[in-house]
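Accompanying notes for the structure given below.
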Amino acid sequence: MSKLDELRDRLFYQPLSLGLIALATSAALSFANQSTQEGIADAEKRDLQTSLSEVLPAGHGDNDLLKDTVTVADNDGKEVTIYRSRKAGTVNGVVFKTAARGYAGDIVVLIGLDEKGTMLGARVIKHQETPGLGDKIEVAKSKWIHDFEGKSLDNLPAEKWAVKKDGGVFDQFAGATITPRAVVKAVKQGLDFYAGHREEILSAPTQGEAK
Amino acid sequence: MNIREIMKNGLWDQNIVFAQVLGMCPTMAVTTSGTNGLGMGLATTAVLVGSNMIISSIRNFVSPQVRIPVYIVLIATLVTIVDMVLNAWMHDLYRVLGLFIALIVVNCAVLGRAESFASKSGIVASAFDGLFMGLGFTLALTAIGLIRELIGMGTLFSQASLLLGPKFAFLEMTVIPNYGGVLMMILPPAGFLVLGLMLAVKRFYELRAAAKETAKTTASPTPLAEGAIGCH
């Protein structure tokens, strides 16, 4: 021990030990990253599949949504991947992600529409809102997200696509207005996007399995 | 130091929240419900046991001058690996705990235990210290969470079955049906309020016990908690 004690006080020992620790932890991290990469990708794919099937009613389409995708640029030039549901070869629904800024970071909403642009379902798939307050947008914690079902730009005028506080039809939560407001905004944006690019989305040839 | 003492320190005398007042960032952030407090506490316990054991095992090789960066790098690495492993192979659990895991890195109680215990003690003792410190933390977070949840929303352990599995659905209780809720209890200020009141109650009992002791033997007053590292 005494030899080690002596060594520990030498100047070269400190940067060297720090460097070794950094090397060892980086190695551990890259090893963990490598070995979990596949698992994480699989888990995310399963999650996506579950979410996709949640925003469309059971038996809506008869194809594998993950394999029938098109990518369309939105008005800001951002690419949106659209999953298409088909029945007997004809597109009868689309699913894609839309996002808006919530109270803490972006809220990503997956929405399912029929070919006419009526909401079939919506699910928040990513958010960092306050637990206990803003997280009522999750389907596991509240039924709120089901309010979107059956609504479209045709049966609900643009100014009604807002929370009740702002003169719309959607409930806000006690203590969290920003969060539901952002979700409504995201869904509305998604519908506008679909309305603006409908022909393109419905007729584009499939680009196969999403990355 | 024997295990009994480690247990008593972790759960009460040196409780991370109630005595050392460390880890306030996750404490305030997640104690909006009993279930959230429990989840954060359990995840932190796992990391504490791991980090204490790793740091104890290399304690003789780390020179004091560079110990803090070494501990921080090790703890951050451990948390990141736990995060990735859970995400890849225990994805259902990850969906519930994922929110808490990243927050553990900012919990300086983990660094605090590395510095004040693991760097001076053997591996087994350090593992027990991590376990009981973590359980004490879990206890504190769950208690604060339950109080805030009860007054704020009128429920106890809501959504416990999401965290612990459907078998634990019996924990979920609606104590006050049709309760309007007290929003402030769920907002951050109430975290400080409830914590402050609980600290006051703990100090009250400690002081009373000390006063009794003094009256009996006129011994020296109880020592205060170990000096906390200045961070949130």
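Would you mind finding the one in A:GLU54, A:GLU79 that is touching a strand residue (DSSP E or B) at 6+ places or on another chain (Cβ under 7 Å), closer than 15 Å to A:ALA204 by Cβ and open to solvent by 80 Å² or more (accessible area, probe 1.4 Å)?
A:GLU79
Would you tally the residues in segment B:28-46 being out of contact with any Gly (no Cβ under 7 Å at 6 or more places or on another chain) and either surrounded by fewer than 21 Cβ atoms within 10 Å (Cβ to Cβ) or among the polar types (S, T, N, Q) (or both)?
Number satisfying all stated conditions: 4.
Go through (1) open to solvent by 30 Å² or more (accessible area, probe 1.4 Å); (2) among the hydroxyl-bearing types (Ser, Thr, Tyr); (3) within 12 Å of chain A (Cβ to nearest Cβ) for B:SER57 and report which single condition fails.
Unmet condition: (3).
Rundown of residues vs (1) among the charged types (D, E, K, R); (2) within 14 Å of another protein chain (Cβ to nearest Cβ); (3) surrounded by 14 or more Cβ atoms within 10 Å (Cβ to Cβ), yes/no style:
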position: A:LEU4; (1), (2), (3): no, yes, no
position: A:LEU11; (1), (2), (3): no, yes, no
position: A:SER17; (1), (2), (3): no, yes, yes
position: A:THR25; (1), (2), (3): no, yes, yes
position: A:PHE31; (1), (2), (3): no, yes, no
position: A:THR50; (1), (2), (3): no, yes, no
position: A:HIS60; (1), (2), (3): no, no, yes
position: A:ASN63; (1), (2), (3): no, no, yes
position: A:ASN75; (1), (2), (3): no, no, no
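Does A:ILE137 satisfy the criteria of being touching a residue at least 60 places away in the same chain (Cβ under 8 Å) and either farther than 25 Å from A:ALA58 by Cα or not hydroxyl-bearing (Ser, Thr, Tyr) (or both)? Break it down stepwise before answering.
Working: touching a residue at least 60 places away in the same chain (Cβ under 8 Å): no; either farther than 25 Å from A:ALA58 by Cα or not hydroxyl-bearing (Ser, Thr, Tyr) (or both): yes.
No, not satisfied.
Between a first residue in segment A:140-155 that is away from every other protein chain (no Cβ under 14 Å) and more than 30 Å from B:ASP92 (Cα to Cα) and a second residue that is among the small types (Gly, Ala, Ser) and surrounded by fewer than 17 Cβ atoms within 10 Å (Cβ to Cβ), which pairs have beta carbons less than 8 Å apart while being 6 or more apart in sequence or on different chains?
A:SER152/A:GLY117; A:LEU153/A:GLY117; A:LEU153/A:ALA195; A:ASP154/A:GLY117
Search segment B:62-111 for residues being facing chain A (nearest Cβ under 10 Å), open to solvent by 60 Å² or more (accessible area, probe 1.4 Å) and out of contact with any helix residue (DSSP H, G or I) (no Cβ under 7 Å at 6 or more places or on another chain), and hand back the single one that is nearest to A:GLY39 (Cα to Cα).
Among those that are facing chain A (nearest Cβ under 10 Å), open to solvent by 60 Å² or more (accessible area, probe 1.4 Å) and out of contact with any helix residue (DSSP H, G or I) (no Cβ under 7 Å at 6 or more places or on another chain), it is B:MET90.
May I ask you to verify whether A:ALA99 is closer than 26 Å to A:THR118 by Cβ, surrounded by 13 or more Cβ atoms within 10 Å (Cβ to Cβ) and in contact with a helix residue (DSSP H, G or I) (Cβ under 7 Å, 6 or more places away or on another chain)? Spell out how you get there, then give the answer.
Details: closer than 26 Å to A:THR118 by Cβ: yes; surrounded by 13 or more Cβ atoms within 10 Å (Cβ to Cβ): yes; in contact with a helix residue (DSSP H, G or I) (Cβ under 7 Å, 6 or more places away or on another chain): yes.
Considered against the rule, which asks whether it is closer than 26 Å to A:THR118 by Cβ, surrounded by 13 or more Cβ atoms within 10 Å (Cβ to Cβ) and in contact with a helix residue (DSSP H, G or I) (Cβ under 7 Å, 6 or more places away or on another chain), A:ALA99 comes out as yes.
Which strands (runs of 3 or more DSSP E) does segment A:76-178 wholly contain that include 3 or more residues that are touching a His at 6+ places or on another chain (Cβ under 9 Å)? Even if it seems obvious, please write down each step before you answer.
Details: elements: A:79-87, A:90-101, A:106-114, A:119-126.
Counting at least 3 such residues, we get A:79-87, A:106-114, A:119-126.
Does segment A:121-137 include one or more residues that are small (Gly, Ala, Ser), modelled with pLDDT of 85 or more and surrounded by fewer than 20 Cβ atoms within 10 Å (Cβ to Cβ)? Give the steps one after another, and end with the answer.
Here is the first cut: in segment A:121-137, the residues small (Gly, Ala, Ser) are A:121-122, A:132, A:134.
From what's left, modelled with pLDDT of 85 or more: A:121-122.
Narrowing further to those that are surrounded by fewer than 20 Cβ atoms within 10 Å (Cβ to Cβ): none.
Within segment A:121-137 (the criterion being small (Gly, Ala, Ser), modelled with pLDDT of 85 or more and surrounded by fewer than 20 Cβ atoms within 10 Å (Cβ to Cβ)), the answer is no, since none of the residues qualifies.
Need the failing condition index for A:PHE193 against (1) touching an Asp or Glu at 6+ places or on another chain (Cβ under 7 Å); (2) on the phi > 0 side of the Ramachandran plot, just the number.
Only one criterion in (1) touching an Asp or Glu at 6+ places or on another chain (Cβ under 7 Å); (2) on the phi > 0 side of the Ramachandran plot is unmet by A:PHE193, namely (2).
Which one of these does B:ILE3 not meet: (1) within 24 Å of B:PHE192 (Cβ to Cβ); (2) β-branched (Val, Ile, Thr); (3) open to solvent by 10 Å² or more (accessible area, probe 1.4 Å)?
(1)
Between a residue in segment A:9-30 that is among the charged types (D, E, K, R) and any residue that is assigned to a loop (DSSP other than H, G, I, E, B), which pairs come within a Cβ distance under 7 Å, given they are 6 or more apart or on different chains?
Listed pairs, sorted by first residue: A:ASP9/B:SER63.
Per-residue answers, yes or no, for (1) away from every other protein chain (no Cβ under 14 Å); (2) open to solvent by 60 Å² or more (accessible area, probe 1.4 Å):
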position	(1), (2)
B:PHE132	yes, no
B:GLU149	no, no
B:THR155	no, no
B:SER158	no, no
B:LEU163	no, no
B:LYS167	yes, yes
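Touching a strand residue (DSSP E or B) at 6+ places or on another chain (Cβ under 9 Å) and over 30 Å from B:THR32 (Cβ atoms): which single residue out of A:LEU156, A:LEU202 fits that description? Quick ask: steps written out before the conclusion?
On the way: A:LEU156 fails: touching a strand residue (DSSP E or B) at 6+ places or on another chain (Cβ under 9 Å).
The match here is A:LEU202.
I'm trying to understand the selection: among the residues of segment A:33-48, which are open to solvent by less than 40 Å² (accessible area, probe 1.4 Å) and either farther than 22 Å from A:THR98 by Cα or more than 9 Å from chain B (Cβ to nearest Cβ) (or both)?
A:THR36, A:GLY39, A:ILE40, A:LEU48
The values are calculated or read from the model by the stated rules, or taken from the named source; none is laboratory data. These figures come from a predicted structure and were not determined experimentally. Glycine gets a Cβ as well: all are built from the backbone with ideal geometry, and neighbour counts include every protein chain shown. Surface areas here come from the heavy atoms of the whole protein model, side chains and all, with no ligands, DNA or RNA. Shrake-Rupley method; radii C 1.70, N 1.55, O 1.52, S 1.80 Å.
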